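The values are calculated or read from the model by the stated rules, or taken from the named source; none is laboratory data. Quick caveat, the model's predicted, so the values are computed rather than measured. Cβ placement follows ideal geometry from the backbone for every residue including glycine, while neighbour counts extend to all protein chains displayed. The accessibility values were calculated without ligands, DNA or RNA, using every heavy atom of the protein model including side chains. Shrake-Rupley method; radii C 1.70, N 1.55, O 1.52, S 1.80 Å.
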Amino acid sequence: MSTPTSMSAAVLFLAAASGLSGCGDSKAPSKDAFATALDPVVRDVFCHPIDVMRYEVEGETAGTGFPIVTSLKRTVAGPGSDGKSVAMLDGLAGIGLVTRTTFEKPARWSGSNDAFVRQPLISYAPTPKGAPYLHTVERRATNAMVSVPSFCLAKGQVVDVIRWSEPSDFGGRRVSQVTYTYRGVDPIPLMPPAEQARMAEPQERTKAFELQSDGWLPMAR
């Protein structure tokens with residue numbers, strides 16, 4: 001019959017062994033590990049960049065997020081100069097999701113070296129009601145990640161991790177192909193019911209993951 005001391009020792013040994021086993025498996029592919037890593041990827045899948053020709057105001061730090069400042073004239077040709085995103089922002093202002101402010105100050109097209117010229121400007125900023133649907137999203141530019149002001153129709157949510165391939169070495173990396181489903185939740189107000197239902201239907205997608213020092217993470221494209 002085991003003595004209380006030997007039983008206690010056995011319990012401690014099993015607990016320690018279990019803990020060591022858990023540490024050893026922390027980088028093993030699993031549904032929970034992939035689902036956690038997918039959360040930030042899926043969250044912004046229903047977001048679209050707001051393509052507006054931004055202007056910087058003299059004496060103020062030029063930002064890449066909100067508020068968005070542009071010229072009322074929009075006489076310069078270039079990305080975002082067609083006025084479609086401005087028309088969308090005006091519409092969002094009409095339903096209380098955006099604050100629309102007009103003013104006049106010296107400004108110039110962001111990225112140019114032109115002199116600052118006093119001109120009529122317009123600024124768009126999300127209201128508390130609109131903040132869940134208008135925020136910056138991290139997107140990959142040429143050599144880095146940048147924050148881009150975006151309009152989100154809904155919040156993406158991981159539904160299930162269906163399967164993953166056996167990890168294999170590819171180009172010096174440990175890689176697995178992960179297939180998962182996601183859906184849109186908390187859609188923007190006034191979205192037609194049929195569109196809400198379509199967005200709530202699970203969609204399937206496959207993404208490559210690589211094993212890094214802190215676990216499995218989606219491969220950057």
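For segment 167-221, give me each residue that is closer than 30 Å to LYS129 by Cβ, open to solvent by 90 Å² or more (accessible area, probe 1.4 Å) and in a loop (DSSP other than H, G, I, E, B).
ASP186, LEU190, GLU201
So, in segment 41-58, exactly how many residues are at pLDDT below 90 and part of a helix (DSSP H, G or I)?
Matching residues across segment 41-58 total 1.
Would you tally the residues in segment 128-167 being of a type in the set (S, T, N, Q) and at pLDDT 90 or above?
The qualifying residues number 4.
How many of the residues making up segment 186-202 are in contact with a Lys or Arg (Cβ under 7 Å, 6 or more places away or on another chain) and not aliphatic (A, V, I, L, M)?
3
Take the residues in segment 99-132 that are under 17 Å from THR64 (Cα atoms) and not small (Gly, Ala, Ser), then tell me which one is nearest to the chain's Cα centre (by Cα).
PRO126
Scanning segment 73-93 for residues that are exposed (fewer than 13 other Cβ atoms within 10 Å of the Cβ) and at negative phi, which turns out modelled with the lowest pLDDT?
ALA77
Which of the residues spanning segment 138-156 are more than 19 Å from ALA62 (Cβ to Cβ) and open to solvent by less than 70 Å² (accessible area, probe 1.4 Å)?
Within segment 138-156, PHE151, CYS152, LEU153, ALA154, GLY156 qualify.
Could we say that THR64 is within 15 Å of ALA125 (Cβ to Cβ), modelled with pLDDT of 80 or more, open to solvent by 40 Å² or more (accessible area, probe 1.4 Å) and in contact with a Ser or Thr (Cβ under 8 Å, 6 or more places away or on another chain) here?
Judged against the criteria, THR64 is not a match.
Cβ-Cβ distance below 7 Å, separation of 6 or more or different chains: which pairs start in segment 210-221 with a residue that is within 15 Å of ALA28 (Cβ to Cβ) and end on one that is open to solvent by less than 50 Å² (accessible area, probe 1.4 Å) and of a type in the set (A, V, I, L, M)?
That search, which allows pairs on different chains as well, returns GLU210/VAL175; GLU210/MET219; GLY215/ALA33; TRP216/ALA33; TRP216/ALA37; LEU217/ALA37.
Here are some conditions: (1) open to solvent by less than 30 Å² (accessible area, probe 1.4 Å); (2) touching a helix residue (DSSP H, G or I) at 6+ places or on another chain (Cβ under 7 Å). ARG100 meets all but one. Which one does it not meet?
(1)
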